Amino acid sequence: MTSPEKRPFTKVVIIGAGFSGLAMACQLQAKLHCNDYVIYDRAAAPGGAWWANKYPGCAVDIPAVFYSLSFAPNPEFSKVFPPQAEILEYFNAVAKRFDVSRHVVANTEWEGAYWQELTSTWLVKLRDLFTDEFFYQECQMLISAVGGLVNPNKFDVPGLDTFEGDIVHTARWKEDTSLHQKNVIVVGNGCSAAQLIPAIADGPKSISQFIRTPQHYLENDNFQVSPNWRGIFRHVPGALWILRVIVFLYLESTAARFNAKGNGKLARSQSSKSSEEYIRQTAPGESSKNSTRRIFDNAKYIGYLQRNNIHLTDDPIVALRSHSVLTKSGQEYPADVILLATGFSLTHYDVELQGRNGRTRANHWKDVGYKEAYKSIAMAGFPNFFYILGPNSGKGHTSTIYSIENYVDLVTQVITPVIKGDSSSVEVKTDSEAFYNERLHMSIAKTIFNNSCGSYFIDQTTNKNWFIYPWSSFHMWYTTHWEHTNDWVYDVS
């Protein structure tokens, strides 16, 4: 048996060709003049979640003027909340404009990474998904731009092997899926389901939607962006930037509702009443219960619940038969196709990562007691390794792209001496990491995202919230740009 191939050394390896990987690559080139990098992604093409999610109705749920990179504004979006195809088109245009596309190696799975103390480099283990063969790539800097919307949650119920129809997850949509005059089962009621059902409603004989957690659905309109407005954004300097600021300030004003007490409780009560009133007027008979999740009903999903061919139930599915599903109450629903809008299995931290002295990421988090990182980007004992959108980087009310850009800017600042050759490695101090996470979890405890919440944000093995960033977007910007501290150790030997 031949040894695995070892490819030529490259200064930077980025894992993930979504928006995080794209933004990191652009700043490597623009700010550090570094073109010696490779982006590996297991998908067949760049785009991350926007390449993977192609289900009918898929669209962005944040106004696109703010769900876009600040250094690459786009005046051409056709709607306030444009469809998936437009977001992917924008992504690819930015990748081409900044000459990132040629650095992407697709159909390649990240299998592990191992710190080499003698050379101050990472040995990255990868697998070619075409040949199923392993190879290694040595690099000085390893950046994980792996997103959470990667692996669909398993749909594991008795009788799965007996069902004779198609079972399709929204993130694994099959273009040839036929729903015409079929009995369709939709499992889930998050953003994906709220977009999917209106898009497919005219085709199936019946749609039975099975929900578990109630959501807040708020009335919203997805306005067209007229040619005149697109012309203004294209030709009037600063117009798009001003709109971006307005949208940012509006979204940020809603953050208070996440506070556990005081103004947060009042804001949630008002939001709940608005949601209940909207549902009562639009779909009498449906109810909205208090939830930490808010969904803007851009696709008018609530109105579609009034259709004769759509049925909503919270009666859990307990088994499948060849052409039906059985529920806990004993009812049987005819089923030709099952569409899963069940979210994702958050397994993006499962890849083996071995730092100093053979200590793994799993060892590190076991010793600390929970999943964590300093400012979401770094861990002590793992030099020259960084996350974009690492633990506790998620925000529940604003754009993920905003968070990505802030973390990319912080990583870029920190790695500058290494990329320029003034240092061989950089690593966060253990005390700094511990102090940061102590403050972070004290702040989370003051929000509705504490461990009393049953959300997937809570790691069931540690009872800690590993997902949420509890502070404001202003605080995020300041601490990633202007909070100069002595939290880093550079090796200049």
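Every read-out reported here was derived from the displayed coordinates using simple, explicitly stated rules and does not represent laboratory data. Bear in mind the structure is a predicted one, so any value in this text is a computation, not a measurement. Here Cβ is always computed from backbone atoms with ideal geometry, including for glycine, and neighbour counts include all displayed protein chains.
Before moving on, here are some points about what is shown:
- Of the DSSP H helices in the chain, those whose Cα atoms cover at least 15 Å axially and whose Kyte score averages 1.0 or more: 239-253
- Taken over the stretch 187-269, the convex hull of the Cα atoms encloses 140 Å³ per residue.
- Here the gap between Q116 and R439, fully extended at 0.36 nm per residue and compared with their Cα-Cα distance, gives a gain of 113.0 nm.
- Estimated at 0.36 nm per residue, the fully extended path between T485 and A362 surpasses their Cα-Cα distance by 41.5 nm.
- Translational diffusion of the stretch 345-493, estimated by Stokes-Einstein from the Kirkwood radius over alpha carbon pairs at 20 °C in a medium of 1.002 mPa s, is 134 µm² per second.
- Cα-only Debye scattering, the stretch 340-433: base-10 log of I(q)/I(0) at q = 0.17, 0.21 Å⁻¹: -0.84, -1.17
- Rounded to the nearest whole angstrom, the semi-axes of the ellipsoid equivalent to the stretch 191-236, taken from the Cα gyration tensor as √(5λ), stand at 34, 15, 8, largest first.
- Taking each residue as 0.36 nm, the span from N309 to T131 lengthens on full extension beyond its C-alpha to C-alpha distance by 59.5 nm.
- Enclosing the Cα atoms of the stretch 39-111 in their convex hull gives a volume equal to 100 cubic angstrom per residue.
- By the helix-only formula, in which each DSSP H run with n ≥ 4 contributes -39500 (n - 2.57) and the sum is divided by residues, the chain has a 222 nm mean residue ellipticity of -9000 deg cm²/dmol.
- Against the empirical 2.2 N^0.38 Å (N residues), the stretch 1-160 has a Cα radius of gyration ratio of 1.16.
- Largest first, the extents of the alpha carbon coordinates of the chain on the three principal axes equal 72, 58, 46 Å.
- Once the gyration tensor of the Cα atoms in the stretch 11-53 is diagonalised, the equivalent ellipsoid follows with semi-axes of 21, 11, 6 Å, ordered largest first.
- Simple spin-label estimate for V318 and T213 gives 2.4 nm between the two label positions (7 Å along the Cα-to-Cβ direction from each Cα).
- Scanning the chain for chymotrypsin sites (Phe, Trp or Tyr not before Pro) lying in DSSP loops with no more than 10 further Cβ atoms inside 10 Å, the longest uninterrupted stretch between such sites is 131-481.
- Here the label points at T430 and F155, each 7 Å from Cα along the C-beta direction, are separated by 4.8 nm in the simple model.
- Computed from point charges on the beta carbon alone (+1 for Lys and Arg, -1 for Asp and Glu), the dipole magnitude for the stretch 68-196 about its Cα centre is near 460 Debye.
- For the stretch 92-149, the residue among V100, T121, G148 whose Cα projects farthest onto the positive side of the dipole built from Cβ charges is V100.
- Cα-based shape type of the stretch 219-259, given that a ≥ b ≥ c are square roots of the gyration tensor eigenvalues and the cut on a/c is 1.5: oblate
- Pairwise centroid distance, computed over Cα atoms, of the stretch 403-448 with the stretch 144-179, Å: 35 Å
- Electrostatic dipole magnitude of the chain [Cβ: Lys, Arg +1; Asp, Glu -1; Cα centre; debye, to 20]: 1060 debye
- Within the stretch 132-172, backbone nitrogen closer than 12 Å to the virtual label 7 Å beyond the Cα of S3 toward Cβ: 136
- As a calculated quantity, the FRET efficiency between D166 and D350 at R0 = 22 Å, using C-beta atoms, amounts to about 0.20.
- Here is the size of the stretch 111-173 from its Cα atoms: Rg then Dmax, 18.5, 56 Å.
- Extents of the stretch 286-402, taken as max minus min of Cα coordinates on every principal axis and listed largest first, are 61, 35, 24 Å.
- The stretch 109-258: translational diffusion in µm²/s, Stokes-Einstein, Kirkwood Rh over Cα pairs, 37 °C, 0.692 mPa s: 152 µm²/s
- Efficiency of FRET from Cβ geometry, H235 and Q460, R₀ 41 Å, rounded to 0.05: 0.20
- Whole-angstrom gap from the stretch 325-341 to the stretch 186-210, using each part's C-alpha centre: 13 Å
- The coefficient of translational diffusion for the stretch 1-77, derived via Stokes-Einstein from the alpha carbon Kirkwood radius under 20 °C and 1.002 mPa s, stands at 143 µm²/s.
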